[in-house]
Amino acid sequence: MISKEGLWIVAEFEGTRIAPVTLQLLTKARAIAGSRPVAAVLMETPEADGEETLAQYGPDEIIVLQAEGFKDASDRALAAQLTQLIQAHQPNAVLFGATPAGRSLAPRVQDQLATGLTADCLDFYYEENELVQVKPSYGDNVMCEIVCPDRRPQMASVRPNTFAAQKAQGAARIERVPVSLTPDDSCVVQHTALKIAATTSLSGARKIIALGRGANKDAVVAGARQLAEKLGASVGVSRPLTDRPDFTAEQQIGQSGVTVSPDLILNLGVSGAVQYQVGMSGSKLVISANRDPKAPIMAQSDYTWTGDAGALVAALQELL
Amino acid sequence: MKIVVCIKQVPGSNRVKFDPITHNLVREGLAGRMNPFDENAIEAAVRLREQVGGEVILLSMGPDATKETLHDGLAMGADAAYLLSARAFAGSDTLATGYILAQAIRQIGGVDLTLFGRQAVDADTGQVGPIVATELDLPQATFASKIQPLAAGRLAVERDLGAVTQTVQLTLPAVVTVRAEANRPRYESPIAIQQSLHKPLTTWTDQDLTLDASRIGQAGSPTVVRKVFAPTPPTRAAKPLPEDPKAAAKALLDILQAQGLL
């Protein structure tokens, strides 16, 4: 039996594996659910086996819908399935990753259910039975608390890499739901190409060297790249450096870029605008070098060094 | 091809300020501008019209000042514009806004393609496009980075979905949301600006549309913003490393070593 009043996570695939944001959401959901059952909703092809991965992150239930048609299913077809499932089992809340796929699917479900949907949340928690959704606005310069008092389910999409995924004990109950999927001739996938996305490598990176305006010199960039190679780190940038031909918005940390949560971030010449801080606040160890000891990034760092980023890069290169 | 482009006027800057007493956003002094992604949507529409013929109609909901943004869109090459403006629309969230826009698109009639920018840069939701598509029971292609007209009322749309790029064949009528990568919006020439002043701009209120009063404005909006505040990320220890670059580099590597990061 699928429980009522559950906290549901709509699982997403990235290629053939479960997307990291799904696992991050499961961990967060378990932490805030209280007595509510946490369920992962999995729409997959019969040959896929997403439930095995999901089970390791401790949901109480995994609701599995399998059909050949889930390969390349249109947003409209997926939304119809999900809407039906939600109407039948009345979860308290339904969460999606704020990925392009999640952001395309969630509002279609929202409209069919005539309920609220908060986009791109950075935090959420329960107050009694109300899910308080915290989302940024105006380019992360403002935070809003949004609630949906009168309608259910409460729905939100959550920004990837905002929470850390942690494996958890516990046997998930698998609930298989029969599916009848009508093919949608109005939107037919012709071709899918997996991108070798810099975004993916940066968002999943365990170590990051981040460059800002104070490191905007070819020699410093080259030195930082060598350093990154030696440390096994990815290179990210703050917004001003996306104007350089050798960086794009895909390497940008923060709003309209990538949210990161590495074990180490070394900020070189990054001043730390609010949108940048929000984008890296989940990092475990933050070390920052900046010419200005009062730069906002400094108070967000575990260790600081005041001086020219290039000088520190050179000194590090000598030692490594 | 009859194309509607839904556009939004957003604050000219994201550097918003708070009233220290009411904690409300201070909106005064913020000139409005067109949401940048909507410029890509208009450009995509104008290019499609250049390729296959038809007309480009702009649609926006907002206060009277939104007319300026609609005029900008007309100067970019759109043929006509509609402004949806009424006290009854105030407080509409994405669900209510999507419903009102969908009813206006129905009223315009015979629309083959509705375009949106991928999201608006103020609230960054990107929800209204898919909501409108659902209201009108239409297929959608979100996050489009390429739009190509095909024969027999179809479009080939390349969707940039982050980890994958997907090409879909879309049967019209349909809704497409457009990424910045799709094109470079054209410059508004002085002649185009001059001509835009003579293009039709119609204002519709709630009285001009067929609307369920329980689905518009605050009544039709399930979400409530209960608090707005400036983000304050928790501060960290900010322990200074030694002043000398070499000593600092040494200390830094020692820290990484101690934490198993080398």
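Any read-out appearing in this document is the output of simple, stated calculations on the displayed coordinates, not a laboratory observation. Worth saying up front: this structure is predicted, and the values here are computed from it rather than measured. Backbone-built Cβ (ideal geometry, glycine too); neighbour counts: all protein chains shown.
Odds and ends about this structure:
- Taking other residues whose beta carbon is less than 10 angstrom from the beta carbon of B:THR203, and scoring Lys, Arg as +1 and Asp, Glu as -1, yields -1.
- If only the Cβ of Lys and Arg carry +1 and only the Cβ of Asp and Glu carry -1, the dipole of segment B:2-215 around its Cα centre is close to 300 debye.
- 12 Å beta-carbon shell around A:LEU320, net charge (K/R +1, D/E -1): 0
- Rg/Rg_ref, segment A:198-319, where Rg_ref = 2.2 N^0.38 Å and atoms are Cα: 0.91
- Distance-filtered residues of segment B:154-193 - backbone nitrogen under 16 Å, label point 7 angstrom along A:VAL189 Cα→Cβ: B:157-170
- Selection of trypsin sites (Lys or Arg not before Pro), segment A:1-74, meeting DSSP coil and at most 15 other Cβ within 10 Å: A:LYS4, A:LYS71
- Label-to-label distance, nm, for residues given as B:ALA90 and A:ASP218 (7 Å Cα→Cβ offset): 5.8
- Among B:PHE37, B:PHE116, B:PHE229, A:PHE70, sorting on how many other beta-carbon atoms sit within 10 Å of each Cβ, with the fewest leading, yields B:PHE229, A:PHE70, B:PHE37, B:PHE116.
- Using C-alpha pairs under 8 Å with a sequence gap of at least 6, the mean separation divided by the residue count of chain A gives a relative contact order of 15 percent.
- Extending 7 Å from Cα along the Cβ direction at A:GLU229 and again at A:THR53 yields two label points whose distance is 3.1 nm.
- Extension gain for A:SER35 to A:ILE174 (0.36 nm times residue separation, less C-alpha to C-alpha distance): 48.1 nm.
- Exposed trypsin sites (Lys or Arg not before Pro) absent - longest run of chain B, DSSP non-H/G/I/E/B, at most 14 other C-beta within 10 Å: B:28-262
- Dipole check for the protein assembly as shown: with +1 at the C-beta of Lys and Arg, -1 at the C-beta of Asp and Glu, and the Cα centre as origin, the magnitude is about 940 Debye.
- Simple rule: put +1 on each Lys or Arg Cβ and -1 on each Asp or Glu Cβ in the protein assembly as shown, find the dipole, and look at B:SER189, B:PHE116, A:VAL260; the Cα lying farthest toward the positive end is A:VAL260.
- The protein assembly as shown, Rg to Rh (Cα coordinates; Rh as Kirkwood inverse mean 1/r): 0.98
- Remark: segment A:7-177 carries a charge dipole of roughly 100 debye about the Cα centre, counting +1 on each Lys and Arg Cβ and -1 on each Asp and Glu Cβ.
- Likely footprinting exposure, A:VAL142, A:VAL179, A:VAL270, B:VAL168, fewest C-beta neighbours within 10 Å first: A:VAL179, A:VAL142, B:VAL168, A:VAL270
- Value at 222 nm in deg cm²/dmol, rounded to 500, when DSSP H runs of n ≥ 4 in chain B each add -39,500 (n - 2.57): -8500 deg cm²/dmol
- Here's the picture: charge each Lys and Arg Cβ at +1 and each Asp and Glu Cβ at -1 in chain A, and of A:PRO59, A:ALA79, A:GLY307 the one pushed furthest to the positive end of that dipole is A:GLY307.
- Global form of segment A:7-177, assessed from the alpha-carbon gyration tensor, a/c cut-off 1.5: rounded
- Overall form of chain A per C-alpha gyration tensor (a/c, 1.5; a/b vs b/c): prolate
- Selection from B:PRO234, B:ALA249, B:LEU58 lying farthest towards where the dipole of chain B points positive, charges on Cβ: B:ALA249
- Extension gain for B:THR232-B:ASP79 works out to 50.5 nm (0.36 nm per residue, less the C-alpha to C-alpha distance).
- Ignoring lysines fewer than eight residues from B:LYS67 along the same chain, the ones with Cα atoms less than 20 angstrom from its Cα are B:LYS8, B:LYS199.
- Shielding of peptide A:131-142 by partners, expressed as the average count of other chain Cβ atoms within 10 Å per residue Cβ, is 5.
- Fewest-first ordering of A:VAL258, A:VAL278, B:VAL178 by other beta carbons within 10 Å of each residue's beta carbon gives A:VAL278, A:VAL258, B:VAL178.
- Cβ-derived FRET efficiency at R0 22 Å, A:GLU5 paired with A:THR182, nearest 0.05: 0.15
- R0 of 22 Å, Cβ-Cβ distance A:ARG206-B:ASP254: FRET efficiency to nearest 0.05: 0.70
- Surrounding net charge for B:ALA219, when Lys and Arg each add one and Asp and Glu each subtract one, Cβ distance under 15 Å: -1
- In Hz, Karplus ³J(HN,Hα) per residue of segment B:82-87 (6.51, -1.76, 1.60; θ = phi - 60°; x = Gly, Pro): 10, 10, 9, 9, 6, 4
- DSSP H segments from chain B that extend 18 Å or more along their own axis, Cα-based, with Kyte-Doolittle mean of 0.5 or above: B:94-108, B:245-258
- Percent of beta bridges antiparallel (DSSP, chain B, rounded to nearest 5): 40
- Antiparallel bridges, percent of DSSP beta bridges restricted to the protein assembly as shown (to nearest 5): 35
- Value at 222 nm in deg cm²/dmol, rounded to 500, when DSSP H runs of n ≥ 4 in chain A each add -39,500 (n - 2.57): -8500 deg cm²/dmol
- DSSP-defined beta bridges in chain A - what % are antiparallel, rounded to 5: 20
- Segment A:112-143 and segment B:149-168 have Cα centres lying 31 Å from one another.
- DSSP loop GluC sites (Glu not before Pro) with at most 12 other Cβ within 10 Å excluded, longest remaining stretch of chain A: A:129-320
- Applying 0.36 nm per residue to the separation of A:GLN84 and A:GLU130 and subtracting their alpha-carbon distance, the gain on full extension is 14.3 nm.
- Note on B:GLU188 and B:GLN207: the model spin-label points, each 7 Å out from Cα along the C-beta direction, lie 3.0 nm apart.
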